[in-house]
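Everything on this sheet refers to the single structure shown next.
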Amino acid sequence: MFQIFPLIILIIFFLASAIKVIREYDRAVVFRLGRFLSVKGPGLIILIPIIDRMVRVSLRTVAMDIDPQDVITKDNVSMKVNAVLYFRVIQSDKAIIEVEDYLYATSQLAQTTLRSIMGQAELDEILSEREKINLELQQVIDKQTDAWGIKISLVEVKHIDLPQEMQRAMAKQAEAERERRSEERRVGKECRSRW
């Protein structure tokens with residue numbers, strides 16, 4: 001009787017480490033003796049203890065903040081720009097095998113791409129054509145992350161922080177433009193009233 005007890009404990013331990021439950025939104029990338037075996041899940045999967053190892057990968061959409069980046073535009077305006085990136089893993093095996101840390105790699109790629117794209121545009125273009133810039137950012141990042149099994153669904157520039165001097169100059173220019181339009185309207189009304 002006492003000889004069977006350790007055997008029962010060993011079997012229970014073996015089963016507990018062999019049976020895994022993978023959620024609907026996760027996948028298990030399984031390696032057998034260090035070599036890629038398959039992607040399993042969702043549901044109940046069985047691994048061979050000690051021989052098989054698994055890495056869980058979430059297939060849910062990730063919303064990642066792109067840290068504020070110092071950018072100098074094509075027309076030499078210095079500014080800080082930050083954005084948000086939405087992506088999800090499409091191929092779990094590539095996300096684990098092709099890149100060491102897909103979250104970190106995607107973050108770094110997004111930061112450098114944001115600086116690069118903003119640096120190729122002029123300030124007026126950045127302020128007036130944000131949709132075009134967002135689409136260009138998405139396409140460039142998506143092209144690079146495709147090899148990692150990652151799909152970029154959306155990139156949105158959140159905030160553009162201009163230096164105080166630039167904000168004051170733009171405010172003066174906008175005020176002058178409003179005064180010019182007001183003067184044109186006043187002159188137009190006087191001309192119409194004369195006729």
Subject >> Length released on extending from Thr61 to Leu7, taking residue separation times 0.36 nm less the Cα-Cα span >> reply: 15.0 nm
Original post:
What's the carbon and sulfur percent of the stretch 1-93's accessible surface, probe 1.4 angstrom, rounded to a whole number?
Top reply: 63 percent
**OP:** Please give the FRET efficiency for Ala18 paired with Glu98, using the beta carbon to beta carbon distance and R0 = 41 Å, rounded to the nearest 0.05.
**Re:** 0.90
Subject >> Signed unit charges on C-beta, dipole axis of the chain, positive-most listed residue Ser107, Val155, Ser38 >> reply: Ser38
**OP:** Given a cut-off of 24 Å, name the pairs among Lys132/Lys172; Lys94/Lys132; Lys20/Lys151; Lys20/Lys143; Lys80/Lys132 whose C-alpha atoms lie farther apart than that in the structure shown.
**Re:** Lys132/Lys172; Lys94/Lys132; Lys20/Lys151; Lys20/Lys143
Original post:
Ser116 to Ser182: FRET efficiency via 1/(1 + (r/R0)^6), r the Cβ-Cβ distance, R0 45 Å, to the nearest 0.05?
Top reply: 0.65
**OP:** Count charges around Val99 for me, please; just the other residues with Cβ under 13 Å from its Cβ, Lys/Arg as +1, Asp/Glu as -1.
**Re:** -4
Original post:
Over the stretch 1-146, what is the relative contact order in whole percent, taking alpha-carbon pairs under 8 Å and six or more residues apart?
Top reply: 18 percent
Original post:
Averaged per residue, what accessible area in Å² does the chain show with a 1.4 Å probe, protein chains only?
Top reply: 67 Å²
**OP:** Of the options Ala63, Ile8, Leu47, report the single residue whose Cα projects farthest towards the positive end of the charge dipole of the chain (beta-carbon charges: Lys, Arg +1; Asp, Glu -1).
**Re:** Ile8
**OP:** Could you please tell me the mean projected area of the C-alpha convex hull for the stretch 76-195, averaged over all directions and given in square nanometres to one decimal?
**Re:** 10.1 nm²
**OP:** Quick one: dipole size for the chain, taken about the Cα centre, charges +1 on Lys/Arg Cβ and -1 on Asp/Glu Cβ, in debye to the nearest 20.
**Re:** 600 debye
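The values are calculated or read from the model by the stated rules, or taken from the named source; none is laboratory data. Predicted model only: the values in this text are computed from it and were never measured. FYI the Cβ positions are ideal-geometry reconstructions off the backbone, even for glycines, and counts take in every protein chain you see. Just so you know, the surface numbers come from the protein's heavy atoms only, side chains and all, with ligands and any DNA or RNA stripped out. Shrake-Rupley method; radii C 1.70, N 1.55, O 1.52, S 1.80 Å.
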